[in-house]
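Have a look at the structure below, then the notes.
The values are calculated or read from the model by the stated rules, or taken from the named source; none is laboratory data. On a predicted model such as this, the values are computed, not experimentally measured, just so you know. FYI the Cβ positions are ideal-geometry reconstructions off the backbone, even for glycines, and counts take in every protein chain you see.
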Amino acid sequence: MGIARQSSKAVAEITVTGTVKSEQGLPLSGASVKLVGHTSGTSTDSQGHFSISVPNKGGRLVISYVGYEDYYVNVTKSNANHLDITLKLKSEQADSVVVIGYGTMKKKDLTGAITSIRPDKIAEDNPKTVQDILRGTAGVTVGLDGSAKSGGTIRIRGQRSVYSAGGHNDPLLILDGVIFYGELSEINPDDIAQIDILKDASAAAIYGAKSANGVIIISTKKGKMGKPRINMTSNIGLTTMGANRRVFSPEGYLKYRQDWYTEASYGVNKTTGKYEPYQGEVAAGKQGYYELPTSSMLDHYGITIDQWRDYTTNADDASDNEIWARRLMMRGTTLTNYLKGKSFDWYDHSFREGVNQDHNLSVSGASQRMSYYLSVGYLSNQGVVQGDNYRAIRSNLKVDGKITNWLDISANINFQDRSDGNIAVDWGKQITTNSPFADYKDDDGNLVVHPMGDEITANKGYNFDFDKQYMSLERGYTVINSIFTAKVKLPFNITYSFNVAPRYQWYYNHYFTSSEHPDWIATTHGADRGNGKRFDWTLNNTINWSKAFAEKHQVKLTLVQEAEERKSWFDEIKARNILPSDALGFHETANGDPLYSSFSTTDSHETADALLARLFYSYDNRYMLTSSVRRDGYSAFGTSNPRATFYSIALAWTFTNEKFFHWTPLNSGKLRVSYGQNGNRSLADPYIALANLANGTGTQGYVDPSGNYIQYYYLRIDRMANPNLQWEKTTAYNVGLGRVNK
């Protein structure tokens with residue numbers, strides 16, 4: 001009986017295969033394929049292929065992908081072998097969902113200026129950083145950063161403030177619904193599903209005191225229905241100089257020195273009355289003094305080679321090249337190398353072609369009750385500057401569970417361990433202080449400490465490779481960013497959400513410069529050991545209520561209570577004049593001389609809270625209103641102004657939904673008008689409103705029983721308290737016209 005049932009089931013199903021592509025013919029990876037009326041489903045692989053079992057009698061499949069219109073197809077035995085399916089982009093994605101802060105909304109209902117970056121664009125661009133995803137977005141300016149870490153500053157609709165310290169002009173970052181205090185480098189672009197950018201004041205005002213520079217909302221990927229999917233991406237590329245602005249070649253360097261000294265000799269020729277060279281300084285009356293003697297030069301000035309030589313007192317065996325070089329003030333090493341025809345390209349030795357590697361692996365899947373997404377990535381970048389390196393290991397775990405019909409929970413844990421411990425060449429110093437005739441290595445192949453020569457007093461040159469032998473650096477961060485969410489469906493179409501997002505960061509900076517270096521003294525060089533940690537948390541309680549009535553009216557209400565806290569600690573010791581030797585580098589700080597060493601500690605503590613409300617009303621999909629009010633409090637502001645209130649209102653009219661509008665080439669047209677207030681609380685010092693005590697110039701001290709001299713500084717007030725310090729506010733009026741043509 002059991003065998004018969006299994007055999008019956010086997011012949012009662014057919015396997016349907018197919019490929020899902022975009023209108024441009026590109027495969028759509030991760031598209032959902034479901035059998036209508038059943039729970040079974042699958043998703044496409046990286047090539048857009050899928051395979052799904054349906055009953056022997058056939059069925060109806062629905063294929064869906066974010067940003068595209070759903071596609072329905074009837075399947076039977078006759079067409080089950082292979083389906084070629086092309087999905088069409090939604091018209092301006094009017095029905096696509098946009099994250100607007102503490103909730104979502106269909107794009108057709110928006111009243112503010114919000115830009116969404118679709119998943120397919122993110123996948124096609126193959127970005128290296130989050131900034132790469134944002135490049136080319138209207139109203140968003142992304143700077144270029146040629147370092148190994150890469151990235152670049154982000155500005156939404158320009159710079160809002162002349163005050164720039166403390167990231168004062170940076171946009172607010174939101175990750176999966178909560179404030180993100182980390183760096184964008186902590187977010188793997190491969191884990192991003194969608195980015196929404198709130199650009200105008202009315203859209204961003206929901207974030208009140210932190211939104212003056214716009215808001216970037218990042219949503220990460222989730223598992224999709226079907227079998228577990230394993231994705232692997234591997235990218236290897238080169239970083240090269242955008243433009244080579246080379247310094248002088250050996251020949252160009254000699255011409256530069258000749259022109260420099262010749263220019264200084266210009267004056268009025270008392271005989272001709274003209275402004276000519278060789279009228280002043282040591283070259284007065286000595287035509288061709290700074291020029292290499294050639295027959296044409298001698299004929300030009302009407303002098304002989306002996307006359308040219310007799311301008312200076314020279315050694316008996318001095319060649320004309322040596323005489324000329326000495327007049328150009330070349331001495332010692334550079335003179336010797338010039339006469340030998342020996343030169344070195346310091347420019348090429350300061351820059352390189354950097355090799356970049358980015359490898360990512362993800363595993364994801366979903367069932368009716370749970371979805372999961374796990375990824376790990378390794379990033380290794382080399383900048384174009386020698387010694388500029390960056391390494392990061394990133395991982396993300398996201399689990400969503402449907403516990404009951406009324407309770408959903410989720411956890412998102414992001415991990416990063418990155419190393420910023422690179423000692424890069426000071427290329428500006430190396431290519432401008434070293435002559436092309438400066439030494440890199442001596443005749444025995446040893447690196448030279450003074451490329452321009454030991455006999456030079458003013459500029460002995462700079463050799464990075466020599467200095468690096470006496471330096472070491474270990475610097476890095478370990479970060480765990482987590483988000484825990486619970487969502488409860490209540491009666492009367494009310495949804496309650498609870499989010500808490502703790503973030504931990506550990507930081508270390510171990511730097512050593514050895515006094516064994518010929519030019520570095522022990523009292524100013526040694527070991528620096530710094531260690532710090534940071535703990536932040538954000539908590540919000542959100543209530544959303546929506547109601548549609550009388551067929552044409554739609555109302556949505558959002559109420560939020562939010563609280564946050566940030567704490568940081570940093571301790572650093574600087575050991576100098578380490579005795580008897582600094583051979584152990586930054587691993588030895590206890591034997592530093594107390595007279596030249598120091599210990600410092602810094603900590604900070606900030607708190608903030610907020611209450612806000614937002615109301616959305618739509619009539620007949622034609623007229624829309626969004627209004628919000630937010631009350632913020634922040635510990636860094638003065639006692640007279642610890643809180644501030646921010647308002648916004650926005651109106652929109654979808655004129656293409658009017659009965660009188662019949663122009664078919666225009667799919668959707670909307671007129672928007674908005675007003676909003678935003679605040680900016682980004683301060684470099686969270687205690688700037690308080691008076692500050694600092695060391696004065698006076699000292700006193702005593703000798704302890706062990707014979708050590710203990711010295712104290714008098715205290716002074718270097719900053720008065722400012723109880724009136726308050727939010728920087730921006731007020732904006734916006735008018736916008738949106739349209740989509742067929």
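Determine whether GLU551 is of a type in the set (Asp, Glu), in a strand (DSSP E or B), more than 24 Å from the chain's Cα centre (by Cα) and not assigned by TED's automatic domain parsing to the domain that holds LEU175. Considered against the rule, which asks whether it is of a type in the set (Asp, Glu), in a strand (DSSP E or B), more than 24 Å from the chain's Cα centre (by Cα) and not assigned by TED's automatic domain parsing to the domain that holds LEU175, GLU551 comes out as no.
Considering each residue of the range 324-336 in turn, none proves to be free of Cβ contacts under 8 Å to residues at least 12 places away in the same chain and charged (D, E, K, R). Cβ separations smaller than 8 Å between residues 6+ apart or across chains give the following pairs from the range 587-598 residues that are free of Cβ contacts under 8 Å to residues at least 60 places away in the same chain to residues that are assigned to a loop (DSSP other than H, G, I, E, B): ASN591/ILE578; ASN591/LEU579; ASN591/PRO580; LEU595/ASN577. Scanning the range 388-442 for residues that are farther than 30 Å from GLY332 by Cα and part of a loop (DSSP other than H, G, I, E, B) gives ASP388, ILE403, THR404, ASN405, TRP406, ASP420, GLY421, ASN422, ILE423.
Only residues that are surrounded by fewer than 18 Cβ atoms within 10 Å (Cβ to Cβ) and in contact with a strand residue (DSSP E or B) (Cβ under 7 Å, 6 or more places away or on another chain) were counted across the range 446-467, and they come to 2.
Residue-wise test of (1) at pLDDT 95 or above; (2) outside the structural domain of LEU175 (by TED's automatic domain parsing); (3) part of a strand (DSSP E or B); (4) at negative phi.
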| position | (1), (2), (3), (4) |
| --- | --- |
| GLY532 | yes, yes, yes, yes |
| PHE570 | yes, yes, yes, yes |
| ILE578 | no, yes, no, yes |
| ASP582 | no, yes, no, yes |
| PRO594 | no, yes, no, yes |
| PHE599 | no, yes, yes, yes |
| ALA610 | no, yes, yes, yes |
| SER618 | no, yes, yes, yes |
| ARG630 | no, yes, yes, yes |
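Residues in the range 71-92 that are at pLDDT 85 or above and in a loop (DSSP other than H, G, I, E, B): THR76, HIS82, LEU87. Scoring ILE217 on the criteria (1) in contact (Cβ under 8 Å) with a residue 40 or more places away in the chain; (2) closer than 30 Å to GLY383 by Cα; (3) part of a helix (DSSP H, G or I) leaves a single failure, condition (3). Considering the range 475-508, the residues that are crowded, with 17+ Cβ neighbours inside 10 Å and basic (Lys, Arg) include one that is farthest from ARG529 (Cα to Cα), namely LYS487. Reported count of residues in the range 545-586, each being within 30 Å of PHE180 (Cβ to Cβ), without any contact (Cβ under 8 Å) to a residue 60 or more places away in the chain and among the aliphatic types (A, V, I, L, M), is 3. Taking the range 509-549 as the range and being crowded, with 19+ Cβ neighbours inside 10 Å and farther than 30 Å from VAL449 by Cβ as the test, the residues that pass are ARG534, ASP536, THR538, ASN540, THR542, ASN544.
Looking at ALA563, ALA583, ALA608, just one residue is of a type in the set (Gly, Ala, Ser) and buried (at least 18 other Cβ atoms within 10 Å of the Cβ), and that residue is ALA608.
Scanning the range 32-64 for residues that are at pLDDT below 85 and among the aliphatic types (A, V, I, L, M) yields one hit, VAL36. No other residue among PHE351, PHE415 is in contact (Cβ under 8 Å) with a residue 40 or more places away in the chain, closer than 27 Å to PRO502 by Cβ and either surrounded by fewer than 15 Cβ atoms within 10 Å (Cβ to Cβ) or within 33 Å of the chain's Cα centre (by Cα) (or both) apart from PHE415. Screening the candidates ASP358, ASP348, ASP306 for the property of being over 30 Å from ASP442 (Cβ atoms), assigned to a helix (DSSP H, G or I) and not aliphatic (A, V, I, L, M) yields one hit, ASP306.
When the test is whether a residue is among the aliphatic types (A, V, I, L, M), more than 30 Å from PHE415 (Cβ to Cβ) and more than 15 Å from the chain's Cα centre (by Cα), LEU198 does not pass it.
For beta carbons closer than 6 Å, sequence separation of 6+ or different chains, a first residue in the range 283-298 that is closer than 14 Å to LEU254 by Cβ and a second that is hydroxyl-bearing (Ser, Thr, Tyr), the qualifying pairs are TYR290/TYR261; TYR290/THR262.
Here's the yes/no breakdown for (1) part of a loop (DSSP other than H, G, I, E, B); (2) buried (at least 19 other Cβ atoms within 10 Å of the Cβ):
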| position | (1), (2) |
| --- | --- |
| ALA203 | no, yes |
| ILE206 | no, yes |
| ALA209 | no, yes |
| ASN213 | yes, yes |
| LYS227 | no, no |
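All of (1) surrounded by fewer than 16 Cβ atoms within 10 Å (Cβ to Cβ); (2) in contact with a helix residue (DSSP H, G or I) (Cβ under 8 Å, 6 or more places away or on another chain); (3) among the polar types (S, T, N, Q); (4) part of a loop (DSSP other than H, G, I, E, B) hold for THR233 with one exception: (4). The residues in the range 99-117 that are surrounded by 19 or more Cβ atoms within 10 Å (Cβ to Cβ) and closer than 30 Å to MET232 by Cα can be counted, and the count is 3.
The single condition among (1) under 30 Å from VAL98 (Cα atoms); (2) surrounded by 13 or more Cβ atoms within 10 Å (Cβ to Cβ); (3) more than 29 Å from the chain's Cα centre (by Cα) that GLY223 does not satisfy is (3).
Okay, residues lined up against (1) at pLDDT 95 or above; (2) assigned by TED's automatic domain parsing to the domain that holds SER147; (3) touching a helix residue (DSSP H, G or I) at 6+ places or on another chain (Cβ under 6 Å); (4) of a type in the set (D, E, K, R):
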{"residue": "ASP358", "(1), (2), (3), (4)": "no, no, no, yes"}
{"residue": "ARG369", "(1), (2), (3), (4)": "no, no, no, yes"}
{"residue": "ASN381", "(1), (2), (3), (4)": "no, no, no, no"}
{"residue": "GLY387", "(1), (2), (3), (4)": "no, no, no, no"}
{"residue": "TYR390", "(1), (2), (3), (4)": "no, no, no, no"}
{"residue": "ILE409", "(1), (2), (3), (4)": "yes, no, no, no"}
{"residue": "SER419", "(1), (2), (3), (4)": "no, no, no, no"}
{"residue": "ALA424", "(1), (2), (3), (4)": "no, no, no, no"}
{"residue": "ILE431", "(1), (2), (3), (4)": "no, no, yes, no"}
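Among residues of the range 117-146 that are in the same structural domain as ASN169 (by TED's automatic domain parsing) and among the basic types (Lys, Arg), those with a beta-carbon under 6 Å from a residue that is surrounded by fewer than 20 Cβ atoms within 10 Å (Cβ to Cβ) and at pLDDT below 75 at least six positions away or on a different chain give the pairs ARG118/GLY67. Listed by position, the strands (runs of 3 or more DSSP E) enclosed by the range 690-742 that each have at least 2 residues that are hydrophobic (A, V, I, L, M, F, W, C) and surrounded by 13 or more Cβ atoms within 10 Å (Cβ to Cβ) are 728-741. Here the condition is being β-branched (Val, Ile, Thr) and under 35 Å from the mean Cα position of the chain (by Cα); of THR523, THR558, it holds for THR558 alone.
Of the strands (runs of 3 or more DSSP E) lying entirely inside the range 98-159, those containing at least 1 residues that are at pLDDT below 80 are 104-106. The single condition among (1) over 24 Å from GLY101 (Cα atoms); (2) part of a loop (DSSP other than H, G, I, E, B) that LEU683 does not satisfy is (1).
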